[in-house]
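The values are calculated or read from the model by the stated rules, or taken from the named source; none is laboratory data. This one's a predicted model, so the numbers in the text were calculated from it and none came from an experiment. Neighbour counts are summed over all protein chains in view; Cβ atoms, including those assigned to glycine, are modelled from backbone coordinates with ideal geometry. Side chains included, ligands, DNA and RNA excluded: accessible areas come from the protein's heavy atoms. Shrake-Rupley method; radii C 1.70, N 1.55, O 1.52, S 1.80 Å.
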Amino acid sequence: MIAPKDALSHLLNLGQIAPDWIGSTSISGCDPILPTDFLLGTAGASVIAAAGVAASDLWQLRTGKRQRIAVDMRSAVAALRSDHYCRVNGSQLPDYRSAIHGFYPTRDSRWIQIHCNQPHHRDGVANFFGTGIDRTAIEKTIKKSWNAIDLENALTEAQLCAGTVRTREEWINHPHARIIDTLPLLDIVRIGDSQAEPLKSGDRPLSGIRVLDLTHVIAGPVGGRTMAEHGAEVLRLNAPHRPIHKHQMIDFGHGKRSAHLDLDTPKGVQQLKDLVSNADIFLQGYRPNALASRGLSPENLADLRPGIICINLCAYGHAGPWSHKRGFDSLVQSVSGMVDDETIRKNSAKPIHLPAQGLDYCTGYLIGFAAMAALAKRAREGGSYLIRISLCQTGHWIYNLGRIEQDIDNSCVSIPKFEELSDLLIEEHGPFGTVRHLAPIAKLSETPGRWSRPSAPYGTDAPKWMT
């Protein structure tokens, strides 16, 4: 088992941040906090602390002043489930899962997970099986006609999202897993030259920093939210025709503005290029080459705006045979052995995910951390940078933190309820009404995290910078 401070030290090394920040950082609490033997508390606390350290490093670079960072593991674990603790006008966020989303037994007595919460994925799955949105009919078809790996391959070929529940041994011997094991958790690569850019004046670590957030679901939006927490101007861009669940903007949109922009049109591409020319960070989670085909590769962006920091987020990593495969947190858990391990530990007849989407949320905080580390490099050395990160790399990192060795007493360790976390919640009033949600988790002594604006519906703002 790796201790939280050791995990934090590893992260600071990846970000090339001075190790003496460890002495200014406290992490209280210990695993287990959730009913799992995976070290989700350690993972969550260390990535949130790393983001806090990176913000503090920028503050010291800006002002010469140092501050202390504190993270409580109970709070960090809640942050790995933040959408569960969000209330809108007193009501819990709706469950947007499709009726045909989930696990299915296959002909060869295995399990496959089909991910189809997005409407186009749901309709694609229904058309693939020719059953309509009928879970019973799909289950019968799979049980009768499909082996797990064959179905996984067929759905992947159809550009749909699925993953066979593998054992850890199967996964570590998989060609893609072998490639992922050679990659760092994240990397910050210099892709162009530019003059050093001193940080602008302001009262927060990211004052004056402009971020374009072209991501969806959880990991990317959490990354943008983390930067907004420390004062960045974050502009969330979404195609007007893209189906996005409203609740994702409610909990992941704190501090952000939101605009519509259609990259399928020349006007939309030009609008984005105009925004990039005055941006500092470009965060995107599109399919590989989707933006490059529009002249928006990281190299193109670095030519357009020398000093830009590009962040490429994907499910399975930028290298290996699955680098183009569509995926989500829960699918990576399934294919990589996490689900199988959790299912065996809980002696369940059906597959079980971890009690938090830790890959998504940890990756989100790592995005914020890496972006701020790259800003410090730009301020000191100049240059344009590319940050590469994936859910799969985060999953391998969590696995390598180790496991809790003793038996977990599920009567003493349970998922925290909303009513138990009142001390961690704050309230905002905005376009969605009254929203009660988790406050920033990392406690910074000189520049406490906060969001300067409430969440707003997609397309509320114009696609332009405020200043």
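Looking only at segment 179-194, which residues are open to solvent by less than 30 Å² (accessible area, probe 1.4 Å) and either in a loop (DSSP other than H, G, I, E, B) or polar (S, T, N, Q) (or both)?
Leu185, Leu186, Ser194
Using the structure shown, decide if Glu229 is under 14 Å from Leu375 (Cα atoms) and of a type in the set (Asp, Glu).
Criteria not met by Glu229.
So if I check each of Thr106, Thr63, which one is in contact with a strand residue (DSSP E or B) (Cβ under 9 Å, 6 or more places away or on another chain) and among the hydroxyl-bearing types (Ser, Thr, Tyr)?
The match here is Thr106.
Which members of segment 326-359 meet the condition of being modelled with pLDDT of 95 or more, surrounded by fewer than 24 Cβ atoms within 10 Å (Cβ to Cβ) and of a type in the set (D, E, K, R)?
Asp340, Asp341, Glu342, Lys350, listed by residue number.
This table checks each residue for (1) over 24 Å from Tyr385 (Cα atoms); (2) open to solvent by 10 Å² or more (accessible area, probe 1.4 Å); (3) in contact with a Leu (Cβ under 8 Å, 6 or more places away or on another chain).
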site: Leu12; (1), (2), (3): no, no, no
site: Ser24; (1), (2), (3): yes, yes, no
site: Pro35; (1), (2), (3): yes, yes, no
site: Ala43; (1), (2), (3): yes, no, yes
site: Val53; (1), (2), (3): no, no, yes
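Please work out if Leu313 is under 27 Å from Ala50 (Cα atoms), in contact with a helix residue (DSSP H, G or I) (Cβ under 7 Å, 6 or more places away or on another chain) and at pLDDT 95 or above.
Spelling it out, Leu313 is indeed under 27 Å from Ala50 (Cα atoms), in contact with a helix residue (DSSP H, G or I) (Cβ under 7 Å, 6 or more places away or on another chain) and at pLDDT 95 or above.
Could we say that Leu425 is surrounded by fewer than 24 Cβ atoms within 10 Å (Cβ to Cβ), aliphatic (A, V, I, L, M) and touching a residue at least 60 places away in the same chain (Cβ under 8 Å) here?
Against the criterion (surrounded by fewer than 24 Cβ atoms within 10 Å (Cβ to Cβ), aliphatic (A, V, I, L, M) and touching a residue at least 60 places away in the same chain (Cβ under 8 Å)), Leu425 qualifies.
Out of (1) under 26 Å from His84 (Cβ atoms); (2) surrounded by fewer than 21 Cβ atoms within 10 Å (Cβ to Cβ); (3) touching a residue at least 24 places away in the same chain (Cβ under 8 Å), the odd one out for Gly395 is which?
(2)
Report yes if Ser277 is more than 30 Å from Gly90 (Cα to Cα), of a type in the set (Ser, Thr, Tyr) and modelled with pLDDT of 95 or more, otherwise no.
Judged against the criteria, Ser277 is a match.
List the helices (runs of 4 or more DSSP H) inside segment 63-178, counting only whole elements, that have at least 3 residues being within 30 Å of Leu444 (Cα to Cα) and open to solvent by less than 40 Å² (accessible area, probe 1.4 Å).
73-79
Going by what's in this entry, would Arg236 be described as among the basic types (Lys, Arg), in contact with a strand residue (DSSP E or B) (Cβ under 9 Å, 6 or more places away or on another chain) and either under 30 Å from Asn89 (Cβ atoms) or surrounded by 17 or more Cβ atoms within 10 Å (Cβ to Cβ) (or both)?
yes
Against the condition open to solvent by 10 Å² or more (accessible area, probe 1.4 Å), in contact with a strand residue (DSSP E or B) (Cβ under 9 Å, 6 or more places away or on another chain) and more than 22 Å from Leu291 (Cβ to Cβ), how does Lys200 come out, does it pass?
no
Is one or more of the residues making up segment 331-345 in contact with a His (Cβ under 7 Å, 6 or more places away or on another chain), among the hydrophobic types (A, V, I, L, M, F, W, C), touching a residue at least 12 places away in the same chain (Cβ under 8 Å) and more than 26 Å from Gly15 (Cα to Cα)?
Yes, some residue in segment 331-345 is in contact with a His (Cβ under 7 Å, 6 or more places away or on another chain), among the hydrophobic types (A, V, I, L, M, F, W, C), touching a residue at least 12 places away in the same chain (Cβ under 8 Å) and more than 26 Å from Gly15 (Cα to Cα).
Based on this model, can you work out whether Tyr385 counts as in a helix (DSSP H, G or I) and either in contact (Cβ under 8 Å) with a residue 12 or more places away in the chain or closer than 22 Å to His174 by Cα (or both)?
The answer is no for Tyr385.
What single numbered condition from (1) in contact (Cβ under 8 Å) with a residue 40 or more places away in the chain; (2) open to solvent by less than 60 Å² (accessible area, probe 1.4 Å) fails to hold for Pro306?
(2)
Identify the residue in segment 428-467 that is hydrophobic (A, V, I, L, M, F, W, C) and more than 16 Å from Ala228 (Cβ to Cβ) and, among all such residues, is surrounded by the fewest Cβ atoms within 10 Å (Cβ to Cβ).
Ala462
Hey, among the residues in segment 239-257 that are hydrophobic (A, V, I, L, M, F, W, C) and not in a helix (DSSP H, G or I), which one's most open to solvent (accessible area, probe 1.4 Å)?
Among residues in segment 239-257 that are hydrophobic (A, V, I, L, M, F, W, C) and not in a helix (DSSP H, G or I), the one most open to solvent (accessible area, probe 1.4 Å) is Ile244.
Conditions first: (1) closer than 19 Å to His353 by Cα; (2) of a type outside the set (Lys, Arg); (3) open to solvent by 20 Å² or more (accessible area, probe 1.4 Å). Glu405 passes all but one, so which condition is the exception?
Among (1) closer than 19 Å to His353 by Cα; (2) of a type outside the set (Lys, Arg); (3) open to solvent by 20 Å² or more (accessible area, probe 1.4 Å), the lone unmet condition for Glu405 is (1).
How many residues are surrounded by fewer than 24 Cβ atoms within 10 Å (Cβ to Cβ), within 23 Å of Ala228 (Cα to Cα) and not small (Gly, Ala, Ser) if we restrict to segment 281-297?
Residues in segment 281-297 being surrounded by fewer than 24 Cβ atoms within 10 Å (Cβ to Cβ), within 23 Å of Ala228 (Cα to Cα) and not small (Gly, Ala, Ser): 2 in total.
Filter segment 205-233 for residues that are buried (at least 21 other Cβ atoms within 10 Å of the Cβ) and of a type in the set (D, E, K, R); which is nearest to Cys116 (Cα to Cα)?
Once the filter is applied, the top-ranked residue is Asp213.
Among the residues of segment 79-96, is there at least one that is under 21 Å from Arg326 (Cα atoms), at pLDDT below 95 and under 26 Å from the mean Cα position of the chain (by Cα)?
yes
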